[in-house]
Amino acid sequence: MDAQITIPQSRQDNTFQRLVRTFRVSAWLGWQIEANWADPLVFAIYALIKPLASAAIIVVMYGIITQGDFGQPIFAYIFIGNAFYIYVGQVMSGVSWAVIDDREHYRMLKYVYIAPIHIPTYLLGRGVAKFVFASISVFVTLLAGVLFLQIPLDLLQVDWLLFIVSLAIGVNMLALMGLMLGSIVLLLVNHSFGMGEAVAGALYLFSGAIFPLEVLPEWIRWVGFIMPVTYWLELIRRALLPDIAAGFPTLASLSNGQLLGIMLGLTVFFAVAAFLTFNYCDREARERGYIDRTTNY
Amino acid sequence: MTLTAKVTKHSGLRLFLMTVFGRAYPRMVGMLRERSWMLWEIILPILGVSAYVFIYRAIGAPEIYIGFVVMGGAMTAFWLNVLWSMSSQLYWEKEMGNLSLYIMAPNSMMGILLGMAVGGLFFAGQRALVITIVGSWIFGVSYEVVSYWQLFAVFMLTMVALYGLGMMTSSLFLLLSREAWHLANLAQEPIYLASGFYFPVKNLTFWVAAGASIIPLTMGMDAMRQLVFPDGSSLGFLSVDIEIAILVGLSVLFVVGAKLMLDYMERLAIREGRLTESKR
């Protein structure tokens, strides 16, 4: 006798609703994983100490060499780049880390796979918690810079539209880069743990996050110009500190519109590349039986 | 029919040394068999070192600071090794189910920890050496050693104290669950800052530097910088002799502390049934 299960019409949803639900639940899961291991106060301290310490290393280095002359434009350039770079480490690495976390640590990736959800949307949703933490860290770092380190951030001078549009495009681009990395991690046996860190490290060095690209040797400077984060950080600096950004020649020949166009183009490119990469890696990982693998590497 | 097999039993010092070797062996042989480790473990720190070097170049720092960064980058190998492969190792072993086997086996847990330390030191030492060579070559760092025997003494004492610290904290991690990963993660950048991995620790003011001296690398790096860089002594926190004396004290404190803590925590973990728990 054949049995037939009928799902009531009220419980059926269309593709868009399914994607939204996947994203929402995944974001909530990511939040719980990141935040519920400690009480809120301990967690808040944990979430702030690491980024503040990273910023403080650079502040101390700068302070030693310049005898504490924090009013120089180069300091604001470095400080803003370093602060917003937190998004790169958190969002990009966060999305790719979800694969490692679910497969190696919690060993539940196989259960995620058999659930009726869209996996790339699930992975992108896992990056939401990282985005929230990164936003808090960036805000606190900037606040410390303005209050204690003479960062000339004037809220009335900020180009808010440019800032919000740049931030939105940049974060989406980083999440898509993270999805690409996460897809590759699906196929990696060794070193998957360092993948996000390696890419973030390379971007940190070559994207002009903490020094103008002119400081790099000329033969390697071109790498910075093919990195999307370079353009993103330039836009953020122009939006927040237009006078200071104008003093550095790296991308001075490009207008804000051109930079936004480049960013948008790169985001579309990464969107296509991320989904193609995911489709390929996902198929390979299923064929090779990697979805439920635990390497303990 | 009785089946008998002759089993050679070891005890005392021989058993202890075999335990040390047995635990160190997988780390040493693992590194030699899987050589891609080396590439990976060198590229990442070199990227970090390069970023800090270029910050110094962007603000016109004297060349000695480039050498400080290269040395700091090399020493991160030891700190990361102590953090992730010593302190939190018993937590990982618990997660994988090996910890109960260690406890059941008729050997000394101190032998296990020492073996982890020896294997880790071998691994991190190679990584640090390569970072130093590659970093010095890329950025043209020059060295001028004041006293080789003092340099050797400082390095060895730093390692004994550092791995002693790792052995001591590993027993604390026995009691931890999910928070272990987060705590180890938290002890990276703040320690890089407090211990002066990329700048002379003296610049953090006396009391901050004195407080950070509980981490053996703070004293070790400060002393080594004074011994290997021309004019390094002018940027030192304390004199090398005093720093050697402090490192001797830290070595004794942490190794003895490791033994006491391990005995206490092992009893506590057994009593509370935490040796086999796995709270992911």
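The values are calculated or read from the model by the stated rules, or taken from the named source; none is laboratory data. None of the values given here were measured: they were computed from a predicted structure. Reconstructed Cβ throughout: ideal geometry from the backbone, glycine too, with neighbour counts over all protein chains shown. When the accessible area is computed, the model is the full protein with side chains, heavy atoms only, and any ligands, DNA or RNA have been set aside. Shrake-Rupley method; radii C 1.70, N 1.55, O 1.52, S 1.80 Å.
Data for the structure
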read-out	value
Close pairs from region B:181-206: first at the interface with another protein chain (Cβ under 8 Å from one of its Cβ atoms) and farther than 30 Å from B:K94 by Cβ, partner among the acidic types (D, E) and assigned to a helix (DSSP H, G or I), Cβ under 8 Å, at least 6 apart	B:P200/B:D222
Any chance A:V223 is of a type in the set (A, V, I, L, M, F, W, C), open to solvent by 20 Å² or more (accessible area, probe 1.4 Å), under 20 Å from A:F269 (Cα atoms) and touching a residue at least 60 places away in the same chain (Cβ under 8 Å)	no
Filter result for the condition that a residue is touching a Lys or Arg at 6+ places or on another chain (Cβ under 9 Å) and in contact (Cβ under 8 Å) with a residue 60 or more places away in the chain, over A:F211, A:F193, A:F206	A:F211
Residues of region B:144-163 satisfying the condition of being under 29 Å from B:P26 (Cα atoms) and free of Cβ contacts under 8 Å to residues at least 24 places away in the same chain	B:F152, B:M156
Options A:I291, A:I244: the member that is assigned to a loop (DSSP other than H, G, I, E, B), touching a residue at least 60 places away in the same chain (Cβ under 8 Å) and more than 19 Å from the chain's Cα centre (by Cα)	A:I291
Residue count for region B:42-51, restricted to those that are in contact (Cβ under 8 Å) with a residue 60 or more places away in the chain and either open to solvent by less than 20 Å² (accessible area, probe 1.4 Å) or at the interface with chain A (Cβ under 7 Å from one of its Cβ atoms) (or both)	3
Residue within region B:52-68 that is in a helix (DSSP H, G or I), basic (K, R), over 13 Å from the mean Cα position of the chain (by Cα) and at the interface with chain A (Cβ under 7 Å from one of its Cβ atoms) present	yes
Those residues of region A:168-211 which are open to solvent by 10 Å² or more (accessible area, probe 1.4 Å), outside any helix (DSSP H, G or I) and facing chain B (nearest Cβ under 9 Å), in sequence order	A:N190, A:H191
Any hit, region A:264-286, residues being within 14 Å of another protein chain (Cβ to nearest Cβ), surrounded by 13 or more Cβ atoms within 10 Å (Cβ to Cβ) and over 30 Å from B:G97 (Cβ atoms)	no
B:S147, sole failed condition from (1) modelled with pLDDT under 90; (2) surrounded by fewer than 17 Cβ atoms within 10 Å (Cβ to Cβ)	(1)
Sole exception among (1) assigned to a helix (DSSP H, G or I); (2) in contact with a Lys or Arg (Cβ under 8 Å, 6 or more places away or on another chain); (3) open to solvent by 10 Å² or more (accessible area, probe 1.4 Å); (4) in contact (Cβ under 8 Å) with a residue 60 or more places away in the chain for B:L175, by number	(1)
Number of positions in region A:92-107 that are more than 22 Å from A:V229 (Cβ to Cβ) and open to solvent by 10 Å² or more (accessible area, probe 1.4 Å)	5
Region B:19-37, subset open to solvent by 80 Å² or more (accessible area, probe 1.4 Å) and in contact (Cβ under 8 Å) with a residue 24 or more places away in the chain, residue farthest from B:M109 (Cα to Cα)	B:Y25
Members of region A:130-147 that are hydroxyl-bearing (S, T, Y) and either open to solvent by 20 Å² or more (accessible area, probe 1.4 Å) or over 27 Å from B:A180 (Cβ atoms) (or both)	A:S135
Members of region B:81-95 that are part of a helix (DSSP H, G or I) and open to solvent by less than 40 Å² (accessible area, probe 1.4 Å)	B:N81, B:V82, B:L83, B:S85, B:M86, B:S87, B:Q89, B:L90, B:Y91, B:E93, B:K94, B:E95
Those helices (runs of 4 or more DSSP H) lying entirely in region A:33-122 with at least 3 residues at pLDDT 90 or above and within 13 Å of chain B (Cβ to nearest Cβ)	A:40-66, A:73-87
So B:L114, is it touching a Pro at 6+ places or on another chain (Cβ under 7 Å), part of a helix (DSSP H, G or I) and in contact (Cβ under 8 Å) with a residue 40 or more places away in the chain	no
Those residues of region B:96-143 which are over 23 Å from B:M28 (Cβ atoms) and either open to solvent by 50 Å² or more (accessible area, probe 1.4 Å) or of a type in the set (D, E) (or both), in sequence order	B:M104, B:P106, B:W137, B:I138, B:G140, B:S142, B:Y143
Which listed residue, of A:G68, A:G127, is at positive phi and either surrounded by fewer than 18 Cβ atoms within 10 Å (Cβ to Cβ) or out of contact with any His (no Cβ under 9 Å at 6 or more places or on another chain) (or both)	A:G68
